[in-house]
Amino acid sequence: MHKDPIIGIDLGTTNSCAAIVEEGGNVKLIPYKGGEYTIPSIFAIDDKGNELIGYEAKRQWQLNPKNTIYGSKRLVGRTFQSDVVTAMKKVVAYSVRPGKKSEVVLDVGKKEFSLQEISAKILNKIRDVAANYLKTPIKRAVVTVPAYFNDRQRQTVKEAGKLIDLEVVRIINEPTAAALAYGLDKGSQGTFAVYDLGGGTFDISILKLVDGVFEVKSTGGDSALGGDDFDRAIAQRVLQALGETAPAPGLVAEVLAASRKAKEALTDAPETELVVGAGAGAHHQTVRRSEVEEWIRPLLQKTGAVCRRALKDAGVTAAELDGVILVGGSTRVPAVRAYVAEIFGREPLGDIDPDQVVALGAAV
Ligand code: ADP
Ligand code: MG
């Protein structure tokens, strides 16, 4: 491994991922313990004051919701009064407060954190894992952000790096990174759509390759639409089957976790058994892929409307595109792939794992 390497980091809303280009030119993902390549973008402080990041934070989330920060990327570089912050405040269990300059402040374990500090915690974890794996200190990184991020939001990510002495040598757009991972910059020209459906957000970007550089022609999205909504669509039916009209928060969390597991199993199997609880009193329910596809159809149609608008804003038709790229863990769902093919009238590119493609491109 060369000295002072630069790693590529996909700092995601739900999960983050890192990759590196090896000396021979191979692009490689950096593995975490347990063979996983992505790490939950979650930061928490437990009742003993220990800081937890990634899987450790996710594991205790249900027991410690007030001190567990997830989805905070949506708050990055936003003012407390903004619509996104107002909407987030209603759905998260942690405290979201205004700071002195109307920026957002989060309280975790009786301490106050800026969004820079939370992002820094996650970046630092990724850097540590990479340094351990590569057996060399990591001081530089390329970090990706959504194409619609403004200067203030990009600056926040750079500042997060500074806090931990990690130089963010370049901020690049997530869709551009995905296009680089597919080597689309090797062509002479072309127009591409990048359809990114993650855990809690949907983004569509139309990119145009001009003289080897990608220009963003238009972006669109929904900051409150993603795989979590698929989980909720399933959970709603499970709670109905359980006869629960006013379920306790603990039960809701448990049903949501079971629903997510079932959803992911249905990516590979036509049906699965969802289980809530344990032992003799456990609730068992067979969930079929075909029924879930019906439940999520309205959500997919929402993404379709956003895609049509983005095409229009970019001044291109679906037929004029040279390719469509799938990004985000939720695009593994067969119905999502089929829907993307339907709206764009072509098979999308999806051979590279959609939750790793952005990190791989960042490394490139
Ligand atoms: P983000 O960009 O928001 O950080 P990701 O791209 O990691 O998020 O996507 C996370 C979402 O992908 C979650 O909703 C998760 O349940 C979903 N997901 C991951 N794997 C699968 C799978 N095999 N089948 C269906 N959904 C999946
Ligand atoms: Mg993502």
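The values are calculated or read from the model by the stated rules, or taken from the named source; none is laboratory data. This structure is a prediction, so every number in the text was calculated from the model and none was measured. Because the Cβ atoms are built from the backbone with ideal geometry, glycine has one as well, and the counts that use them run over all protein chains shown. Areas reflect the complete protein model, heavy atoms only, side chains present, ligands, DNA and RNA absent. Shrake-Rupley method; radii C 1.70, N 1.55, O 1.52, S 1.80 Å.
Observations on the structure shown:
- Within a Gaussian network of the chain (alpha carbon springs, distance under 10 Å), most fluctuating of GLY212, GLY221, GLY198: GLY212
- MRE, 222 nm, helices only [DSSP H, n ≥ 4, -39500 (n - 2.57), over the chain, to nearest 500]: -11500 deg cm²/dmol
- Pairs exceeding a 18 Å alpha-carbon distance, out of LYS66/LYS90; LYS135/LYS158; LYS48/LYS162; LYS73/LYS312; LYS111/LYS139: LYS135/LYS158; LYS48/LYS162; LYS73/LYS312; LYS111/LYS139.
- Max mean-square fluctuation residue, GNM over the chain, Cα-Cα springs under 10 Å, options SER205, SER330, SER188: SER188
- DSSP finds beta bridges in the chain, and of those with both partners inside it, around 75 percent are antiparallel.
- Heavy-atom surface of the chain, accessible at 1.4 Å and reported per residue (Å²): 47
- Protection-proxy order for peptides 268-277, 317-326, each taking the mean of Cβ atoms within 10 Å per residue, highest first: 317-326, 268-277
- A cut-off under 12 angstrom between Cβ atoms defines the neighbours of THR13, and their net charge, with Lys, Arg +1 and Asp, Glu -1, is -4.
- Carbon/sulfur fraction of accessible area - the chain, other protein chains in place, 1.4 Å, %: 49
- Region 111-154-region 330-364 distance, computed between alpha-carbon centres (Å): 25
- Relative contact order [Cα under 8 Å, 6+ residues apart], region 42-153, whole percent: 23
- Computed over the alpha-carbon pairs of region 70-183, the distance histogram in 10 Å steps reads 13, 41, 34, 12, 1 percent, short to long.
- Working from Cα pairs under 8 Å separated by at least six residues, relative contact order for region 154-287 is 13 percent.
- Reciprocal of mean inverse Cα separation for region 211-364 (Kirkwood radius, Å): 17.5
- The label-point distance for THR79 and GLU294, in a model that sets each label 7 Å from Cα toward Cβ, rounds to 4.7 nm.
- Between region 169-186 and region 1-67, the alpha-carbon center distance in angstrom: 21
- Using C-alpha pairs below 8 Å separated by at least 6 residues, the relative contact order for region 293-363 is 32 percent.
- When the alpha carbon coordinates of the chain are projected onto the principal axes, the ranges are 62, 50, 42 Å, largest first.
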